[in-house]
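K.L.:
One structure, as structure tokens, below. Some questions next.
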Amino acid sequence: MGALLGRFVPWSGNPVLRPTGDGWQSENVYNPAAVVHDDRVVLVYRAHAADRVSRLGIAVSDDGLHFEAEPDPVLEPTESYERQGCEDPRLTSIDGTHYLTYTGFDGTSAQLCLATSTDLRSWTKHGPLFPDLDTWQTLAWARSRREWRPWSKAGGILPQQLGGRWHMYLGEGAIYHATSSDLRRWTAGDTPVLEGRPGRWDSDLVEVGAPPVLVDGRVVLLVNGARIASVDDMDVDYRCGQVAFSAEDPRQVLARDEEPFLQPTAPEEKAGLVPNVTFVEGLVRFRDRWFVYYGQSDTTTAVAVSEPLG
């Protein structure tokens with residue numbers, strides 16, 4: 001599976017984004033969405049100051065490696081469901097419209113929200129998509145620690161229709177599949193399509209990484225998986241893998257990485273706000289390569305690049 005999108009090598013110049021200044025992105029800059037727009041790579045990234053209230057900023061690159069960040073956020077909390085932060089974006093562009101899924105956090109619940117834009121800077125918010133879903137409820141260890149509450153963070157939209165419907169993968173803890181006829185209203189299945197594997201690198205949870213792409217007749221989804229020794233002490237290990245689903249039935253898993261293609265190795269990935277984390281949220285095909293953008297320990301942003309594509 002690891003060769004499906006090529007072998008990824010972290011760029012030697014990482015991180016591509018770091019905290020700056022004394023304002024809204026002064027403490028942590030991480031977990032970016034990515035899209036190619038006007039032959040440039042655009043990142044929409046999460047950042048916050050010491051208050052840990054996240055906002056989303058934008059950075060642009062001509063080569064996919066060197067980014068210039070703009071000074072002001074493009075999305076920030078304005079609604080009650082996101083009063084403690086707009087977090088963890090993913091981006092899909094379809095027919096000139098950019099569909100941004102992000103987590104609205106109110107201090108108790110983290111809900112997958114949707115915003116749309118035509119220029120990546122002015123966004124229209126459409127609110128939470130799955131207010132009746134808690135993607136942790138299938139995990140016994142999670143149920144023993146928490147009561148049910150709306151929790152549906154992490155969503156990636158496939159940019160092509162399959163079978164006359166739009167498709168999304170979503171969820172933290174377990175991953176669910178959802179469909180839509182209009183890209184605005186979504187219906188999720190009742191059971192997960194992907195869960196953690198006991199004893200493996202993704203034993204305790206899986207979470208949607210970058211939005212899915214259609215490659216060689218299969219739907220490829222990058223996922224984040226984790227082993228968690230202690231939630232209270234933030235003793236975690238987040239790594240990144242690939243999963244292939246059927247294009248005929250996007251709920252059906254065809255193949256899954258035995259080993260992660262990306263894992264904490266650099267100093268920035270071993271130490272930070274949450275140590276031992278590589279967390280992918282952005283994937284673009286740019287100038288005959290795949291570029292993967294990921295957060296390092298919830299503190300900085302990095303890129304890994306594939307071999308040239310045939």
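K.L.:
State the number of residues belonging to region 115-137 that are in contact with a Gly (Cβ under 7 Å, 6 or more places away or on another chain) and either among the acidic types (Asp, Glu) or outside any loop (DSSP other than H, G, I, E, B) (or both).
P.N.:
Final tally of qualifying residues: 1.
K.L.:
Provide a single number: the residues in region 298-310 that are more than 18 Å from Asp62 (Cβ to Cβ) and either surrounded by fewer than 18 Cβ atoms within 10 Å (Cβ to Cβ) or more than 14 Å from the chain's Cα centre (by Cα) (or both). So that I can check it myself, show each step before the final result.
P.N.:
Filtering region 298-310 for residues more than 18 Å from Asp62 (Cβ to Cβ) gives 298-300, 302, 304, 306-310.
Going one step further and asking which of them are either surrounded by fewer than 18 Cβ atoms within 10 Å (Cβ to Cβ) or more than 14 Å from the chain's Cα centre (by Cα) (or both), we end up with 299-300, 304, 306-310.
Total satisfying the criteria: 8.
K.L.:
Test Ser12 against the criterion of being more than 21 Å from the chain's Cα centre (by Cα) and modelled with pLDDT of 95 or more, and give yes or no.
P.N.:
Working: more than 21 Å from the chain's Cα centre (by Cα): yes; modelled with pLDDT of 95 or more: yes.
Judged against the criteria, Ser12 is a match.
K.L.:
Here's another thing I want to ask about it. Would a scan of region 155-172 turn up a residue that is under 18 Å from Pro131 (Cβ atoms), among the aliphatic types (A, V, I, L, M) and touching an Asp or Glu at 6+ places or on another chain (Cβ under 9 Å)? Break it down into steps so the answer makes sense when it comes.
P.N.:
The initial filter retains those residues of region 155-172 that are under 18 Å from Pro131 (Cβ atoms), namely 155, 168, 170-172.
The next check asks that each one be among the aliphatic types (A, V, I, L, M); those that pass are 168, 170.
Pick out the ones that are also touching an Asp or Glu at 6+ places or on another chain (Cβ under 9 Å) and you get none.
No.
K.L.:
If you don't mind, another one. Determine which member of the set Val231, Val305 is at pLDDT below 95 and β-branched (Val, Ile, Thr). Lay out the reasoning, then the answer.
P.N.:
Numbers: Val305 fails: at pLDDT below 95.
One residue alone meets the criteria, Val231.
K.L.:
How many residues does region 258-272 hold that are more than 18 Å from the chain's Cα centre (by Cα) and of a type outside the set (Val, Ile, Thr)?
P.N.:
So the first thing to find is which residues in region 258-272 are more than 18 Å from the chain's Cα centre (by Cα), and the list is 258-259, 265-268, 270-272.
Subsequent filtering for residues that are of a type outside the set (Val, Ile, Thr) retains 258-259, 266-268, 270-272.
Count: 8.
K.L.:
Across region 211-224, what is the number of residues that are under 13 Å from Ile175 (Cα atoms) and outside any strand (DSSP E or B)?
P.N.:
Taking region 211-224 as the starting set, the residues that turn out to be under 13 Å from Ile175 (Cα atoms) are 211-212, 221-224.
After this cut, where a residue has to be outside any strand (DSSP E or B) as well, the list is 211-212.
The number of residues fulfilling the criteria is 2.
K.L.:
Moving to a separate point now. Does region 37-46 contain at least one residue that is crowded, with 20+ Cβ neighbours inside 10 Å, over 18 Å from the mean Cα position of the chain (by Cα), on the phi < 0 side of the Ramachandran plot and at pLDDT 95 or above?
P.N.:
In the first step, residues of region 37-46 are kept if they are crowded, with 20+ Cβ neighbours inside 10 Å; the result is 41-46.
Applying the additional criterion that residues be over 18 Å from the mean Cα position of the chain (by Cα) yields none.
There is no residue in region 37-46 that is crowded, with 20+ Cβ neighbours inside 10 Å, over 18 Å from the mean Cα position of the chain (by Cα), on the phi < 0 side of the Ramachandran plot and at pLDDT 95 or above.
K.L.:
Does any residue of region 49-71 turn out to be aromatic (Phe, Trp, Tyr), assigned to a strand (DSSP E or B), buried (at least 21 other Cβ atoms within 10 Å of the Cβ) and touching a residue at least 12 places away in the same chain (Cβ under 8 Å)? Before the answer, list the steps.
P.N.:
Applying the first criterion (aromatic (Phe, Trp, Tyr)) to region 49-71 yields 67.
Now restrict to residues that are assigned to a strand (DSSP E or B): none.
No, the conditions are met nowhere in region 49-71.
K.L.:
Next up: Would you confirm whether any residue within region 146-158 is surrounded by fewer than 22 Cβ atoms within 10 Å (Cβ to Cβ), of a type in the set (D, E, K, R) and within 20 Å of Tyr293 (Cα to Cα)?
P.N.:
Here is the first cut: in region 146-158, the ones surrounded by fewer than 22 Cβ atoms within 10 Å (Cβ to Cβ) are 146-150.
Checking the rest, the ones that are also of a type in the set (D, E, K, R) come to 146-147, 149.
When the remaining residues are screened for being within 20 Å of Tyr293 (Cα to Cα), the result is none.
No: region 146-158 contains no residue that is surrounded by fewer than 22 Cβ atoms within 10 Å (Cβ to Cβ), of a type in the set (D, E, K, R) and within 20 Å of Tyr293 (Cα to Cα).
K.L.:
Scan region 272-291 and report the pairs whose first residue is within 14 Å of Phe8 (Cα to Cα) and in a loop (DSSP other than H, G, I, E, B) and whose second residue is at pLDDT below 95 and not charged (D, E, K, R), with Cβ atoms within less than 6 Å and a gap of 6+ or a chain change.
P.N.:
From residues that are within 14 Å of Phe8 (Cα to Cα) and in a loop (DSSP other than H, G, I, E, B), the pairs are Asp288/Pro308; Asp288/Leu309.
K.L.:
Among the listed residues Leu5, Leu100, identify the single one that is in contact with a strand residue (DSSP E or B) (Cβ under 8 Å, 6 or more places away or on another chain), assigned to a strand (DSSP E or B) and either surrounded by 18 or more Cβ atoms within 10 Å (Cβ to Cβ) or not hydrophobic (A, V, I, L, M, F, W, C) (or both). Show your work before the answer.
P.N.:
Numbers: Leu5 fails: assigned to a strand (DSSP E or B).
It is Leu100.
K.L.:
For the subset of region 200-225 comprising residues that are of a type in the set (Gly, Ala, Ser) and within 14 Å of the chain's Cα centre (by Cα), which member is nearest to Gln263 (Cα to Cα)? Break it down stepwise before answering.
P.N.:
Applying the first criterion (of a type in the set (Gly, Ala, Ser)) to region 200-225 yields 203, 209-210, 217, 225.
Cutting the leftovers down to within 14 Å of the chain's Cα centre (by Cα) gives us 209-210, 225.
On the way: Gly209: 13, Ala210: 15, Gly225: 10 Å.
Restricting to residues being of a type in the set (Gly, Ala, Ser) and within 14 Å of the chain's Cα centre (by Cα), the top hit is Gly225.
K.L.:
Given the conditions (1) closer than 24 Å to Tyr176 by Cβ; (2) among the hydroxyl-bearing types (Ser, Thr, Tyr); (3) in contact with a Ser or Thr (Cβ under 9 Å, 6 or more places away or on another chain), report the number of the one that Thr108 does not fulfil.
P.N.:
Single failed check for Thr108: (3).
K.L.:
Counting only residues that are among the small types (Gly, Ala, Ser) and in contact with a Ser or Thr (Cβ under 9 Å, 6 or more places away or on another chain), which one in region 248-276 is farthest from Ala50 (Cα to Cα)? Quick ask: steps written out before the conclusion?
P.N.:
Start the filter on region 248-276 by keeping residues that are among the small types (Gly, Ala, Ser), which leaves 255, 266, 271-272.
From the residues that got through so far, the ones that are in contact with a Ser or Thr (Cβ under 9 Å, 6 or more places away or on another chain) too are 266, 271-272.
Working: Ala266: 24, Ala271: 17, Gly272: 13 Å.
The extreme case among them is Ala266.
The values are calculated or read from the model by the stated rules, or taken from the named source; none is laboratory data. Treat the numbers as computed from the prediction; the structure is a model and nothing was measured. Note: ideal-geometry Cβ built from the backbone for every residue, glycine included; neighbour counts use all protein chains shown.
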